[in-house]
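One structure below.
Coordinate-derived values only; no laboratory data. Note that the structure is a prediction, hence the values are computed from the model and not measured. When we count neighbours, we look across all protein chains shown, and the Cβ atoms used for this are built from the backbone with ideal geometry, even at glycine.
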Amino acid sequence: MKRVLFVCLGNICRSPTAHGVFRSLVERRGMAHLVEIDSAGTAAYHVGNPPDHRAAAAALKRGVDLSDLRARQAVAADFAHYDFIMAMDNENLSELKSICPADYKGHLGLFLALSSLAEREVPDPYYGGPAGFDHVLDLVEVASEALLDRIAAELHK
Ligand code: 4NP
């Protein structure tokens with residue numbers, strides 16, 4: 001069993017998109033019993049809220065349903081539970097590093113860094129137009145494949 005937490009700022013745009021896309025991929029590969037998935041935000045502004053309607057609509061167009069997801073804040077206790085904590089951008093990563101226990105044995109890093117994408121950060125689409133949400137999906141779909149390959153390799157060790 002491997003446990004994955006996706007983290008952005010608000011947990012209403014990028015990390016729920018990653019959560020939903022990765023969950024769909026894990027289900028398609030028949031690995032749902034092997035991988036636990038959640039998402040969280042470094043900020044608390046949107047705790048309890050469903051994903052942003054623009055993120056939900058863009059995901060649904062690609063067959064990914066985010067409607068069951070609700071925002072929560074990332075906490076230090078997450079490091080005791082998750083093997084992979086995937087930050088969407090460098091700001092999220094530095095916030096996570098500030099609460100990461102010194103003895104954390106898992107993988108804390110940028111989600112896109114696991115892939116061969118030239119981009120290293122998933123840009124915040126919140127204040128932009130609909131194209132930003134499609135770009136988030138494009139990046140997250142590629143990085144999800146890379147993350148699941150990495151997890152599959154670790155499970156086979
Ligand atoms: P997310 O996007 O971090 O991808 O969920 C944002 C959501 C809300 C805000 C900023 C980014 N906000 O400032 O409220």
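In straight Cα distance, which lysines are under 18 Å from K157, not counting same-chain residues fewer than 8 positions off?
Qualifying lysines at Cα under 18 Å: K2, K105.
Ranked highest first by average number of other Cβ atoms within 10 Å, how do 26-35, 140-149 line up?
Those peptides, ordered most packed to least, come out 140-149, 26-35.
What Rg and what Dmax come out for the chain when only alpha-carbon atoms are used, in angstroms?
14.2, 43
Could you list which residues have their amide H under 5 Å from that of E36, counting only those 5 or more apart in sequence or on another chain, with H placed in the peptide plane?
Residues meeting the amide H criterion: K2, R3, V4.
Give a residue-ordered list of calculated ³J(HN,Hα) values for region 113-126 (Karplus: 6.51 cos²θ - 1.76 cosθ + 1.60, θ = phi - 60°; whole Hz; x for Gly, Pro).
5, 6, 9, 9, 4, 5, 5, 10, 10, 8, x, 5, x, 4
Collect residues whose amide H, placed 1.01 Å from N in the peptide plane, falls under 5 Å from the amide H of Q73; neighbours closer than 5 in sequence don't count.
G41
At what distance in nm do the modelled label points of K61 and A43 sit from each other, each positioned 7 Å from its Cα along Cα→Cβ?
2.5
Give me the distance in nm between label points sitting 7 Å out from Cα along the Cα-to-Cβ direction at I99 and H81, one decimal.
Reported label-point gap for I99 and H81 is 1.2 nm.
Tell me, what HN-Hα J-couplings in whole Hz come from the Karplus equation 6.51 cos²θ - 1.76 cosθ + 1.60 at θ = phi - 60° for each residue of region 44-54, using x for Gly and Pro?
Running phi through 6.51 cos²θ - 1.76 cosθ + 1.60 with θ = phi - 60° gives 9, 3, 10, 3, x, 7, x, x, 3, 4, 5 Hz.
For region 1-143, calculate the relative contact order in percent as a whole number, restricting contacts to Cα pairs under 8 Å that are 6 or more residues apart.
28
What FRET efficiency do you get for A153 and L117 if R0 is 25 Å and r is their Cβ-Cβ distance, rounded to the nearest 0.05?
About 0.85, to the nearest 0.05.
Tell me, what ³J(HN,Hα) does each residue in region 131-136 have, in order and in whole Hz, if you take phi through Karplus 6.51 cos²θ - 1.76 cosθ + 1.60 with θ = phi - 60° and put x for Gly and Pro?
Result, rounded to whole Hz: 4, x, 6, 5, 5, 4.
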